[in-house]
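Since the structure comes first, as structure tokens, the remarks are kept for the end.
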Amino acid sequence: MSAPTKPAASGPTKRGKLPLILGLVVLLAGGGGGGYFWWSRQQALKAAEAAAKAGDKKATAGHGDEAAGGEAHGDESSHEGGEEAAGGLVPLDTFTVNLADTDAPRFLRTNVQLVIDATEEEVKHLEEEKVPVVRARAAVLELLTQQTSQVINTPEGKAELKSQIKKSTAKLLHHKVTDVLFSDFVIQF
């Protein structure tokens with residue numbers, strides 16, 4: 001005598017599964033993105049450590065150049081005994097920018113880190129202050145967006161870009177930038 005309510009019961013179960021599925025998709029996407037970020041950060045740190053070790057070997061091998069009448073590693077340097085070779089590392093993280101190519105839209109993805117003539121304490125102070133590092137990041141971003149793929153795809157173009165980055169960021173960080181490290185450098189053609 002009473003009517004079965006079977007169709008009414010199936011409606012809420014479909015609605016209950018949709019948010020669960022969407023939640024799982026968002027969770028998996030967030031986990032994948034976070035995992036990629038962590039992995040790329042670890043790769044950048046390994047590359048920076050390898051570059052710093054290579055720099056230490058070069059500094060040790062060329063230590064006698066100054067005594068032989070060679071030029072010092074920088075006129076702004078007041079450090080002695082190879083401390084400049086160790087330097088501090090200022091990560092500027094990953095940049096993804098549109099290049100200035102006019103024939104086709106192209107972009108560059110790169111991870112930039114600066115080796116500066118500073119102690120660990122001075123680097124921590126820079127990172128805590130944040131404004132100089134953000135200004136340096138903005139200067140690098142501006143330089144990258146002015147580049148064309150044809151120029152920065154050559155070793156000479158990368159060397160010139162590093163030189164420009166050194167000059168512009170040294171002024172903003174108030175420290176000599178001794179090296180610019182690219183741990184990723186991908187140009188989309």
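The values are calculated or read from the model by the stated rules, or taken from the named source; none is laboratory data. Source: prediction; values computed, not measured. Backbone-built Cβ (ideal geometry, glycine too); neighbour counts: all protein chains shown.
Table for the structure above
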{"read-out": "Condition met for Asp93 (surrounded by fewer than 20 Cβ atoms within 10 Å (Cβ to Cβ), under 15 Å from the mean Cα position of the chain (by Cα), at positive phi and not aromatic (Phe, Trp, Tyr))", "value": "yes"}
{"read-out": "Restricting segment 116-142 to residues that are farther than 14 Å from Ser168 by Cα and outside any helix (DSSP H, G or I), the residue that is modelled with the highest pLDDT", "value": "Asp117"}
{"read-out": "Residues (closer than 14 Å to Pro91 by Cα and modelled with pLDDT under 70) located in segment 34-53", "value": "Ala51, Ala52"}
{"read-out": "Long-range neighbours under 6 Å by Cβ, at least six apart or interchain, first residue touching a residue at least 60 places away in the same chain (Cβ under 8 Å) and under 16 Å from Ser149 (Cα atoms) within segment 94-121, second among the hydroxyl-bearing types (Ser, Thr, Tyr) and part of a strand (DSSP E or B)", "value": "Arg109/Thr96"}
{"read-out": "Near pairs, Cβ below 7 angstrom, 6+ apart or cross-chain, from segment 133-157 (basic (Lys, Arg)) to any residue that is outside any helix (DSSP H, G or I)", "value": "Arg137/Leu92"}
{"read-out": "Qualifying positions in segment 70-109 - more than 17 Å from Val134 (Cβ to Cβ), modelled with pLDDT of 90 or more and in contact with a Ser or Thr (Cβ under 7 Å, 6 or more places away or on another chain)", "value": "Asn98, Leu99, Ala100, Asp101, Arg106, Phe107, Arg109"}
{"read-out": "Test: residue in segment 54-62 that is among the basic types (Lys, Arg) and either modelled with pLDDT of 85 or more or surrounded by fewer than 12 Cβ atoms within 10 Å (Cβ to Cβ) (or both)", "value": "yes"}
